[in-house]
Structures are given as structure tokens and as C-alpha cells.
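In what follows, a single structure is set out as C-alpha cells and then discussed.
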Amino acid sequence: MITDKLENAKLYYSLGGRIEKALKYLETTNIADAEEGKYEIDGENIFAVVSVYETKDSSNCNLEAHRKYIDVQYAVRGSELIGYAPLNSQAVIKEYDEEKDFALYGGTPSFIKLEEKMFAIFYPGDLHMPGIKVSESAHVKKVVIKVKL
């Protein structure tokens, strides 16, 4: 897992061409005005999903992981906590769904605060629990860029 401010995105270009393309998309696209939905960047190799939602209590959530895609999550408006734990031997809550590219796990995460203009990168071994309220429920706009491995 990596988390940083978008102004430091250039530091992470060396992680690979697709990660670089995803970060450059965040740097050059006016996502604040984007409608909710899916946006193609490079076909199914890289695409963005813009969402608007209310943050929730962590007791109603599970950790998730992906196998085909890396998540680059960027806070456009609002702040949220994201639970994190390295994938070890956590109990499987929902078996891997290949079509939707996710599995759910139990476990106790550590939390990071994703604030406006910050991004987090989650690799397949990074369990994550996004959309968690900081102190009370808040309205958040976020983009998740899916980067194919």
C-alpha cells in the first residue's frame, strides 16, 4: 500500500507505465466536475470509476482484495478512513468473484485517513476497507482507477 498527496505523484511513476498513466490522469483531468460512472483511460487495462457516497461505520464492512487489478483511490471531495491489512491468513468472508475481481475477508485493519487531493495505491496483497467515516458520516466524491496487472 502507498498513500501520498497528488502533488507528489511523480515520485511513483517508476512503479510502471500503467501506474504512471493512472497518476497522470488524476493530475490532468478535472475530476471535480466529472459525473459518477466509468471512464475509459486505456480500455480494460486502465479505467476510472467516479463515485459519490456517504461514509459508513467500519462495523458494517469487510476487508476486500483484488487479483486482476491494482486500485488507485483518489479523494476528490471529503475525507474518509480506509482500513488496511496485508493479506495473510485472514478468514474468507466471501470467496473470490472472478467477474467482479474481489474477495472479502475478516480481520482487524489499521486505518489511514484519505483526505482531499490524496491517493492510495492498493496491490493484490493489500486488503483494504474504503469508505469509512472519520468521526461522523460525510459526503465523499472519489475516483478509483483500476490498473490491470
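The values are calculated or read from the model by the stated rules, or taken from the named source; none is laboratory data. From a predicted model like this one, the values you see are computed outputs, not experimental measurements. Backbone-built Cβ (ideal geometry, glycine too); neighbour counts: all protein chains shown.
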Open item on the list: at pLDDT 95 or above and over 21 Å from ALA138 (Cα atoms): which single residue out of LEU26, LEU81, LEU63 fits that description?
Closed with: LEU26
Open item on the list: Filter region 121-140 down to the residues that are over 10 Å from GLU80 (Cα atoms) and either assigned to a strand (DSSP E or B) or within 9 Å of the chain's Cα centre (by Cα) (or both) and list them by number.
Closed with: ILE121, PHE122, ASP126, LEU127, HIS128, MET129
- [ ] Within region 92-111, work out how many residues are assigned to a strand (DSSP E or B) and either of a type in the set (Gly, Ala, Ser) or touching a residue at least 24 places away in the same chain (Cβ under 8 Å) (or both).
- [x] 9
- [ ] Kindly list, by first and then second residue, each pair from a residue in region 112-137 that is over 13 Å from LYS56 (Cβ atoms) to a residue that is basic (Lys, Arg) and buried (at least 18 other Cβ atoms within 10 Å of the Cβ), limited to pairs with Cβ atoms under 9 Å and residues at least 6 apart or on different chains.
- [x] LEU114/LYS142
TODO: Sort out which residues of region 23-44 are over 21 Å from SER79 (Cβ atoms), touching a residue at least 24 places away in the same chain (Cβ under 8 Å) and part of a helix (DSSP H, G or I), and write them in order of number.
DONE: TYR25
Task: Test: residue in region 59-70 that is within 12 Å of LEU127 (Cβ to Cβ), surrounded by fewer than 11 Cβ atoms within 10 Å (Cβ to Cβ) and touching a residue at least 12 places away in the same chain (Cβ under 8 Å) - done: no
